[in-house]
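Notes follow the structure.
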Amino acid sequence: QVQLVESGGGSVQAGGSLRLSCAASGRTFSPYAMAWFRQAPGKEREFVARLSWNYGNTLYADSVKGRFTISRDNAKNTVYLQMNSLKAEDTAVYSCAVSHRAIRTTVPSEYDNWGQGTQVTVSS
């Protein structure tokens, strides 16, 4: 069983930066991909960024492209989300997720394991 623990959330003013971390643990950790999703109050969960674990290929939502960067540290089983030029509309609970399926997907239901989420609040 894979366990994911996010950290790094907080409050920041618009234009600022935050770096989220997601540490994975489990007896055998060999995902196909890891991703970040977010959910704002009253809204559905939305895809933010995705990274293929072995090849490092990345995919971003249009709303964050050029501002957010997803990266990984294979040795630490950790994925990061560097968020720059934050906007008020980035305010949400950010969760990381793991997919063991060999498909390139941004659909939440196709991810197998989830963290508990970390709050990001951006004030304008």
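Note: the chain, Cα convex hull, 93 Å³ per residue.
Qualifying GluC sites (Glu not before Pro) in the range 25-94, where qualification requires a DSSP coil assignment and no more than 16 other C-beta atoms within 10 Å, comprise 44. Loop-resident chymotrypsin sites (Phe, Trp or Tyr not before Pro) (DSSP state other than H, G, I, E or B) in the range 48-104 with no more than 12 further Cβ atoms inside 10 Å of their Cβ: 55. Amide H contacts of residue 53 (H built 1.01 Å from N, in plane; Pro and chain starts excluded): 33, 34 sit under 5 Å, all sequence-distant by 5 or more or on other chains. Taking the accessible area of the chain, probe 1.4 Å, and keeping the other protein chains in place, the carbon and sulfur fraction comes to 44%. Relative to the Cα centre, the charge distribution of the chain, modelled as +1 at Lys and Arg Cβ and -1 at Asp and Glu Cβ, gives a dipole magnitude of about 200 debye. Placing a pseudo-label 7 Å from each Cα along the Cα-to-Cβ vector at residue 116 and residue 82 gives an inter-label distance of 2.8 nm. Model label sites at residue 25 and residue 67, defined 7 Å from Cα along the beta-carbon direction, differ in position by 3.3 nm. On a per residue basis, the convex hull of the C-alpha atoms belonging to the range 60-105 measures out at 103 Å³.
Charged side chains reduced to their Cβ positions (Lys and Arg at +1, Asp and Glu at -1) give the range 46-116 a dipole of some 220 debye around its Cα centre.
Treating the Cα atoms of the range 1-47 as identical point scatterers in vacuum, please give the log10 of the normalised Debye intensity I(q)/I(0) at q = 0.14, 0.22, 0.24, 0.26 Å⁻¹, two decimals. Rounded to two decimals, the profile gives -0.51, -0.99, -1.07, -1.12.
For a label point 7 angstrom out from the Cα of residue 39 toward its Cβ, which stretches of the range 102-124 have the backbone nitrogen within less than 12 Å? Zone members listed by number: 108-109, 114-118.
The values are calculated or read from the model by the stated rules, or taken from the named source; none is laboratory data. A quick note: this is a predicted structure, and the numbers were derived from the prediction, not measured. Cβ sites come from the backbone with ideal geometry, for glycine too, and all protein chains shown count toward neighbours. Keep in mind that these areas ignore ligands, DNA and RNA; they rest on the heavy atoms of the full protein, side chains included. Shrake-Rupley method; radii C 1.70, N 1.55, O 1.52, S 1.80 Å.
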